[in-house]
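Bear in mind these aren't lab numbers, they're just calculated from the coordinates by the rules spelled out. All values reported here derive from a predicted model rather than from experimental measurement. Every residue, glycine among them, receives a Cβ derived from its backbone with ideal geometry; neighbour counts consider all protein chains shown.
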Amino acid sequence: MQFLLENWLLVVAALSSGSLLAWPSIAAQLAGPALSHHEATRLINDRDATILDVRDAAQFQAGHLPSARTIPLVDLEKRCAELPTKRPIIVVCEEGRSAAKAAKQLRAQGRADVHVLAGGMVAWRAAGLPVVR
């Protein structure tokens, strides 16, 4: 106990750094289910999932999933009504972080069947899956 009292600054620094290291895992859990490219392909084929690309227009034009529709993350809140309500939604971005934010936003607006493509376009391209330009 005396060590903790004498070195309280070190204890605070250790707790802070541990929290910062754990945050990405916590944020991923809050974003909801993430799908591998295999799981995403099954959901697209089996349940006609809507693919929502939340990257900006230039990134979308550089390459996107076949049949993906684009609504940049900054416009999602006001354009959410454009998305079908009875189909699952797979949210895609470049690496997964923006997609997680978008999925959280969609769930907050009442969409329940929302998924994030794990690893985003980077993982999709690495798997050699089709990209439309």
Discussion item. Residue by residue through region 100-106, what is 3J(HN,Hα) from phi via Karplus (6.51 cos²θ - 1.76 cosθ + 1.60, θ = phi - 60°)? Round to whole Hz and write x for glycine and proline.
Written reply: 5, 5, 5, 4, 4, 5, 5
Worksheet, complete the sentence: Ranked from fewest to most other Cβ atoms within 10 Å of their own Cβ, Ser98, Ser16 fall in the order Ser16, Ser98
Discussion item. What lysines does Lys78 reach when the alpha-carbon gap must be under 17 Å and sequence neighbours fewer than 8 apart in one chain are set aside?
Written reply: Lys101, Lys104
Item to complete: Enumerate the aspartates and glutamates that Lys86 could reach by cross-link, defined here as Cα to Cα under 12 Å, with residues fewer than 8 away along the same chain left out.
Response: Asp48, Asp113
Item to complete: Please figure out what share of the DSSP beta bridges in the chain is antiparallel and state it in percent, rounded to the nearest 5.
Response: 10 percent
Practice prompt. For region 114-130, just list the computed ³J(HN,Hα) in residue order, Karplus coefficients 6.51, -1.76 and 1.60, θ = phi - 60°, integers in Hz, with x standing in for Gly and Pro.
Written response: 10, 10, 10, 6, 4, x, x, 5, 4, 5, 4, 5, 4, 7, x, 7, x
Discussion item. Sort Thr50, Thr41 by Cβ crowding within 10 Å, fewest neighbours at the top.
Written reply: Thr41, Thr50
